[in-house]
Each structure stands twice: as structure tokens, then as C-alpha cells.
Amino acid sequence: MTGVPTEDLNPHGMPERRGVDHDAVKPRRRRKGRKGEQLMVPEAEFRSYYGRPIIKAPVWKNPDVPLYLFLGGLAGSSSVLAAMASATDRPSLRRAGRYAAVGGAMGGTVFLIHDLHRPSRFLHMLRVFKPTSPLSVGSWILSPFAAFATATAAAEALEGYLGSRRGGRFVHQAGNAAGVATAVVGPALATYTAVLFSNTAVPTWHEAHRHLPVLFAGSSAAAGGGLGLVFASTRDNEPAARLAVAGAVVELATERKMTQDLGMLADVYEKGRAKTLLTISKACLVAGAVGAAVGRRKRWSAALSGVALMTGSALTRFAVFDAGIASANDPAHIVVPQRERIRRREEAVQAGSTPPDRKFVPAAGS
């Protein structure tokens, strides 16, 4: 080559580039079967800027929120069970359901306020009623339920004190009326939290908006029926056993259908703590349902079955909560479904029909 000094030529006879270590530069190996094609970019890796999540994960506390979910479901289903027991003259089951309703409402309120840090924040949510906000609607569901449940439990205690004395019949009727009002609000209390979760941008929760209300309803029924099995007599516990078995079956079937329909978003239920919690929950629900179906007439068997059912219901709430937090922190859960929606939209445009865009919902706590 002319014009290039000999000392500036590399061993291959090519011009030497200043500042380049040619011993460190190695020729790229060609991929077998594809002559001349080379991998120019690394494999795709789902990351966000500076390693931060793409969406803001919920700031709800653990275990405050999962326990609030469980106690709300327990209280709601117990109120319905108590009203059924009152109508069919099952005093021990009625008493257990009424006390569980007020206990669950009060305990849930304590955990909710602790998560909010200040009681005034809960009171501020009662200043207005916003139908488009599940949290606002939930506050207005919890407040009347707690009031009715307190009145029902007070009437139950006063009736037990008065007995057949004067005023006992009036207290009994007042307690039944308050119990019916509690039972009317109870199903909403047991399931509104599922709507609250679905109304966030957390992928695993948002994409399961058709399944979570049914899952929470079944879980609540299993918990309420389980509590009835623990505290009601064997003569009165038949409705509790039926409700518990039905709730466990619905919960197990819905959980399976939900994980199948979620596709790749269900991987958070197949690893980590959520997987462990869900596995134990399934075992408890199956054992509790079998015990409730075949052993409710034995006091020890009914009590053990009830404890297993309540444990399974609580662990389901913890598993759903943990799975949602893991989903919010996984960039692939946001990027992959988003690309798939874009691809489907482009295909629909080419075909001549444009699908409606899904609304973006802000993340919880943002």
C-alpha cells in the first residue's frame, strides 16, 4: 500500500489504528447454518431506567392490608350466615356469626387505619362519596356495616342477659332487624376489595378483574363457614359446613382458572413466597372441605376443619397480595402485554377494524 509507512501497518498488512489494541480484537464467529449473518445486538433484556420499576408498586403495608382483606371477607360472610341461622333457629351459629361480623369489622378497621397512619385519613374518605373510586365506595360500605354489626352484636349480648324477662322479645326483634341489614351489606364488604385491586395498574391484579371478585367471594365463604364450624354446636353447624365446602370449591376452581387465563402474568404465583403461600392454602382448603363434608358431626373434626378453612382463606389473600407486588416490580409484565396489544391493534387496523383502546389506570398509591 502506498502512502502508509511500514511501521503503521499491522501484521495483516492493513493500516494501524492509533489507540486500538488489535490483540484484544478478535474476529466474530459466524453462526452455524447462517453463512455471513452475525448477531449484531445482545438478546433483549427487560429493564427499566436505572433499574427502577416502570410503574409504582402499591405502598400498602404487609400484613396490614392482607389481614384487612381476610377480616373483611370473614365479617361479610359471617353476617350472612348469622342471618340464615336466625331464620332457621340455630342459636349457637347465629351467635358465632354475629360476633364474628363485628369482630372482623372492628379488626379490619384497625388494620386499615394503621396502614393509613392516621385515623383522620379514614374520616376524610367519608367526607365525599365518589362512585368511580373503589376506595371511597369501600369506606362507605365498611362504615354502615360496622354500625349494623355492632348493633346486632349488642342486641345478641343484651338478649342473652335478659333472657325471657321483660324487654327480651323487643331486643330479639331489634337484633334480627339489624342482622338483616348487616347481611345485606355483607357481600359487598367481602368482595369490594377485589374491585379495588383490579382498579390498579398492577398487571396481575388488573388482568384478573373478572376472576378476583369471584375468588374473594369464595374465600370469604370458606372463612365464614370455617368460623361457624369452630364455634357453633354440631346440631347447628350444617349451614356453616355447606357454605364452607361451596366456598372452598369456588375458591380452588377460580384460582386455577385465573392462573390459566393470566398466561405469562401468572408466573408470580409459581415462584417465591406467593407460590409457597398458595400451595399451603390449597392443601388447607382441600383438607378443610373434606373434613367439613364428612366430619362435621364430630366436635373435634368440625373445629379442625374450620381452622384449616380459615387458614387457607387467609393465605390466599396473602398470596394474591405478594403476587401483585412482584408483578408491579417486573418490567416484563408491563412491556410484553403492551407490545402484544400494539401488535393486535396494528393487525386490526390492517384488517379494517380498530379495537377500542384500554384505559390506563394509575397505580395504587401513586
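The values are calculated or read from the model by the stated rules, or taken from the named source; none is laboratory data. The structure displayed is predicted, hence computed values, not measured ones. FYI the Cβ positions are ideal-geometry reconstructions off the backbone, even for glycines, and counts take in every protein chain you see. All accessible areas refer to the heavy atoms of the entire protein, side chains included, with ligands and DNA or RNA removed. Shrake-Rupley method; radii C 1.70, N 1.55, O 1.52, S 1.80 Å.
In this Cβ point-charge picture (+1 for Lys and Arg, -1 for Asp and Glu), the range 50-137 has a dipole of about 220 debye about its Cα centre.
With a Förster radius of 51 Å applied to the beta-carbon distance between GLN173 and LEU116, the computed FRET efficiency rounds to 0.85. Legend: distances between Cα atoms for LYS271/LYS298; LYS61/LYS282; LYS275/LYS298; LYS130/LYS271; pairs beyond 29 Å are LYS271/LYS298; LYS275/LYS298; LYS130/LYS271.
Given a 1.4 Å probe and the protein chains as shown, GLU347 ends up with an accessible area of around 90 Å².
Other residues with beta-carbon under 15 Å from the beta-carbon of VAL307 carry, at +1 per Lys or Arg and -1 per Asp or Glu, a net charge of +3. For GLU207, no residue has an amide H sitting under 5 Å from its own, ignoring neighbours fewer than 5 places away on the same chain, with H placed 1.01 Å from N.
Carbon-plus-sulfur accessible fraction, the range 198-306 (probe radius 1.4 Å, protein heavy atoms only): 62%.
For the range 51-126, a Kirkwood radius taken over Cα pairs fed into Stokes-Einstein (25 °C, viscosity 0.890 mPa s) yields D = 174 µm²/s. In loop segments of the range 112-208 as defined by DSSP, the trypsin sites (Lys or Arg not before Pro) with at most 16 further C-beta atoms inside 10 Å of their C-beta are ARG127, ARG165, ARG166.
Picking from HIS114, VAL128, LEU162, whose Cα lies most toward the positive end of the charge dipole for the range 109-171 (charges on Cβ: Lys, Arg +1; Asp, Glu -1)? Of the options given, the answer is VAL128. For the pair the range 323-343 / the range 140-193, the C-alpha centres are spaced 45 Å from each other. Computed with a 1.4 Å probe over protein heavy atoms only, the accessible surface of the range 144-256 comes to 41 Å² per residue.
Could you compute the FRET efficiency for MET264 and TYR161, with r as their C-beta to C-beta distance and R0 at 56 Å, rounded to 0.05? Once rounded, the FRET efficiency stands at 0.45.
Of the three principal axes defined by the Cα atoms of the range 179-332, the extents in descending order read 54, 34, 19 Å.
Once the Cβ-Cβ distance between THR234 and LYS257 is put in as r, and R0 is 30 Å, what FRET efficiency do you end up with, to the nearest 0.05? Using R0 = 30 Å, I get an efficiency of 0.30. Protein-only accessible surface at a 1.4 angstrom probe places the residues VAL294, VAL320 in the order VAL294, VAL320, largest first. Charged side chains reduced to their Cβ positions (Lys and Arg at +1, Asp and Glu at -1) give the range 187-269 a dipole of some 160 debye around its Cα centre.
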